[in-house]
Amino acid sequence: MYRSQKLALRYLAAAITLFGVMTVAGLLSALYYVEPSLLYNVFDFQMAKILHIDTLVIWLLMGFIGAVYWFLPKELGREVVGIRLAEVLFFVFCAAVAVVAVVFVVVQYGGSNQFSMWFINQGRKYVEAPRWAAVGIVVVVLTFVYNVTATAWRARKMTGILWVLILDLVPLTVLYLDAFPQITNMSHDLYWWWWLVHMWVEATWEVLIGCLMAWTLMELMGTSRRIVETWLYIEVMLVLGTGILGLGHHYFWIGTPQYWLGIGGFFSALEPLPLLGMVVHAVYDAGTHRMKTTNRPSFYWVLAEAFGNFIGAGVWGFMMTLPQINLYSHGTQWTVSHGHFAFWGAYGCGVIAIAYLVLQQTRGSTQFDSRAWKWSFALLNVGLLGMVGGLLVAGITQAVYERAQGGSTLQAFVVASENQWFQSGMYARLIFGAVFALGYAILVYDLLAIGKRVAIAPKPQVSTA
Amino acid sequence: MTHAGLISTAVLLGLFVLAGGGYGILYGAGMLRASVRLERAAYLCYATQAAVAVAVCLSSPLNPLWKLFIAASCIAYGFIPPLTWRLLEAMHHPTVR
């Protein structure tokens, strides 16, 4: 095993650990909705929400980085260049995440000054990590980009997947710099901030997970490189073609010119079309392999990714993306429902699929199966479906009672929050969140245990007669 | 937009894409198994999608341009599964004509 692959295992372990932190913080966030005075002035809702969302970003990012460190030496047939630096920075990255989390839990917030921005909270939604940690993330990502490009350069070898990956890493890195500006005009600030949030989630991450899925399919099903690369080019073209200007759906209500209503609505409404093609592809792959594989957990999580992405991003997104609907739905639990479903489908399932693939190869197990993975698969997906269903009911209630009927006044907000449909939705989210958390616990158990038990052949009976 | 119009339009738009997904899945499954029944079910899904598009155009309070867009994308959905399938077949079996 290459050192890079050992590093990949560490990254994936850290990712799964942070997945757990995200789940706990999410459960806590859900609890505040049914018990609003919970931990009042001790640990308020906004801190639990920050922890929930920031760990979501970091666990997926660590999962992606780990996956690349796993596949890269196999792709190029050599150790990753600069691996020692990458190993050191992994520990720095983990320590930084831990320090930031402790500061969020213990210190929580500070005054409106430079000290707070540098050492407590940068104050920008989803990238709240204080400035020193944000600089650290840039260093880690730059090292990662160096590892990938220098290894390809030194190997004097380039594949289609690597080309796409390297070209994708450039905007992925540059866009993160959008976390830094201090713009006082809120419209300007949001305008650029969405470049980071949207272009990561609906452009650069989509391409990155496309590259990772291409490698996964080659190893999991033996799909030829020609096929996965052709499909990757088509997918990248379609995803970027619709996703980049789909950015406009975030510009509807932040003070940007009116033409964004048309541009954003049009391109984001096109976004389900490539996802439909991916669903047909998933059916083709599953059918031609007759659902037979030596790694069923990974295979099922890949399928869950294709369908979850289509329903979460496609169906849920299309319900609320046209401006006339979005006027009422944006910023409600409806959006939260879409966010949960789309992130899970597009990225969460993919990282879990890769974790199972990596573990099978690490443990050298030819038949990689267990009962636990089926339980975790079922509980995680049922839990997620229940959560997004509950959030959808709550969100539609808000859109109707708070926005369409109440005119978005504070009184209307209170009325909608007390509506029994809203409250039932939030209870459902909490209950199914607990189901999801149980699924996570079983997933961790399974990841630790699967493939470790070696079937022991019965000892031959020695006849004494 | 009234609150009733909001809910019905959002639900119709969700159904529109969901029916498109059902069409894609069943079309793929029908081709894989060479099953006429599955293929018919796929076209039924597509017909449902078209009916939803008509409902959006006739009953929703959306702007006329968005209605035109829904109608046009309904036509596009009709081509995606067969075209994708043909592309996949061409990639997997390049010599088969």
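The values are calculated or read from the model by the stated rules, or taken from the named source; none is laboratory data. What you see is a predicted model, and the numbers here were worked out from it, not measured in a lab. A quick note on method: Cβ atoms are made from the backbone with ideal geometry, for glycine too, and the neighbour counts reach across all protein chains shown.
When B:Y27, B:Y43 are checked against the criterion of being at negative phi, part of a helix (DSSP H, G or I), touching a residue at least 12 places away in the same chain (Cβ under 8 Å) and touching a helix residue (DSSP H, G or I) at 6+ places or on another chain (Cβ under 7 Å), B:Y27 stands alone in meeting it.
Scanning segment B:1-20 for residues that are touching a residue at least 24 places away in the same chain (Cβ under 8 Å), assigned to a helix (DSSP H, G or I) and not aromatic (F, W, Y) yields a total of 8. Reported count of residues in segment A:296-307, each being touching a residue at least 60 places away in the same chain (Cβ under 8 Å) and either buried (at least 21 other Cβ atoms within 10 Å of the Cβ) or within 8 Å of another protein chain (Cβ to nearest Cβ) (or both), is 8.
Residue by residue, here is whether (1) closer than 20 Å to A:L175 by Cβ; (2) touching a Ser or Thr at 6+ places or on another chain (Cβ under 9 Å); (3) part of a loop (DSSP other than H, G, I, E, B) holds:
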site: A:F90; (1), (2), (3): no, no, no
site: A:S112; (1), (2), (3): no, no, yes
site: A:K125; (1), (2), (3): yes, no, yes
site: A:A133; (1), (2), (3): yes, no, no
site: A:V139; (1), (2), (3): yes, no, no
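Checking the condition away from chain B (no Cβ under 14 Å), modelled with pLDDT under 90 and closer than 19 Å to A:N295 by Cα, which residue from A:T362, A:T366, A:T464 passes? Unique residue meeting the criteria: A:T366.
Of all residues in segment B:32-61, those that are surrounded by 17 or more Cβ atoms within 10 Å (Cβ to Cβ) and basic (K, R) total 0. Quick check, is B:A76 within 21 Å of A:W334 (Cβ to Cβ) and within 10 Å of the chain's Cα centre (by Cα)? Here the answer is no, as B:A76 does not meet what is asked. Against the test of being within 14 Å of another protein chain (Cβ to nearest Cβ) and either part of a loop (DSSP other than H, G, I, E, B) or touching an Asp or Glu at 6+ places or on another chain (Cβ under 9 Å) (or both), the options A:T223, A:T230 yield a single qualifying residue, A:T223. Only residues that are surrounded by 22 or more Cβ atoms within 10 Å (Cβ to Cβ), more than 8 Å from every other protein chain (Cβ to nearest Cβ) and of a type in the set (A, V, I, L, M, F, W, C) were counted in segment B:2-27, giving 2. Residues that are modelled with pLDDT of 90 or more and not in a helix (DSSP H, G or I) within segment A:172-220 comprise just one, A:N185. On inspection, A:K6 passes the criterion of being farther than 20 Å from A:V141 by Cβ, in a helix (DSSP H, G or I) and more than 21 Å from the chain's Cα centre (by Cα). The single condition among (1) buried (at least 24 other Cβ atoms within 10 Å of the Cβ); (2) facing chain B (nearest Cβ under 8 Å) that A:Y284 does not meet is (1). When A:A203 is tested against the conditions (1) crowded, with 20+ Cβ neighbours inside 10 Å; (2) over 20 Å from A:E229 (Cα atoms); (3) among the small types (G, A, S), the lone failure is (2). Among the candidates B:A47, B:A42, the residue that is modelled with pLDDT of 95 or more, more than 9 Å from chain A (Cβ to nearest Cβ) and over 20 Å from A:A306 (Cβ atoms) is uniquely B:A47.
Residues checked against (1) surrounded by fewer than 20 Cβ atoms within 10 Å (Cβ to Cβ); (2) closer than 23 Å to A:V57 by Cα; (3) free of Cβ contacts under 8 Å to residues at least 60 places away in the same chain:
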{"position": "A:A96", "(1), (2), (3)": "no, yes, yes"}
{"position": "A:A101", "(1), (2), (3)": "yes, yes, no"}
{"position": "A:N113", "(1), (2), (3)": "yes, no, yes"}
{"position": "A:A134", "(1), (2), (3)": "no, yes, yes"}
{"position": "A:L142", "(1), (2), (3)": "yes, yes, yes"}
{"position": "A:V145", "(1), (2), (3)": "yes, yes, yes"}
{"position": "A:A150", "(1), (2), (3)": "yes, no, no"}
{"position": "A:W163", "(1), (2), (3)": "yes, no, yes"}
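Within segment B:19-43, the set of residues being over 20 Å from A:L275 (Cβ atoms) and within 10 Å of the chain's Cα centre (by Cα) comprises just one member, B:Y43. Residues that are within 11 Å of chain A (Cβ to nearest Cβ) and among the polar types (S, T, N, Q) within segment B:52-97 comprise B:S60, B:N63, B:S73, B:T84, listed in sequence order.
Among the residues of segment A:233-283, just one is β-branched (V, I, T), in a helix (DSSP H, G or I) and modelled with pLDDT of 90 or more, namely A:I263.
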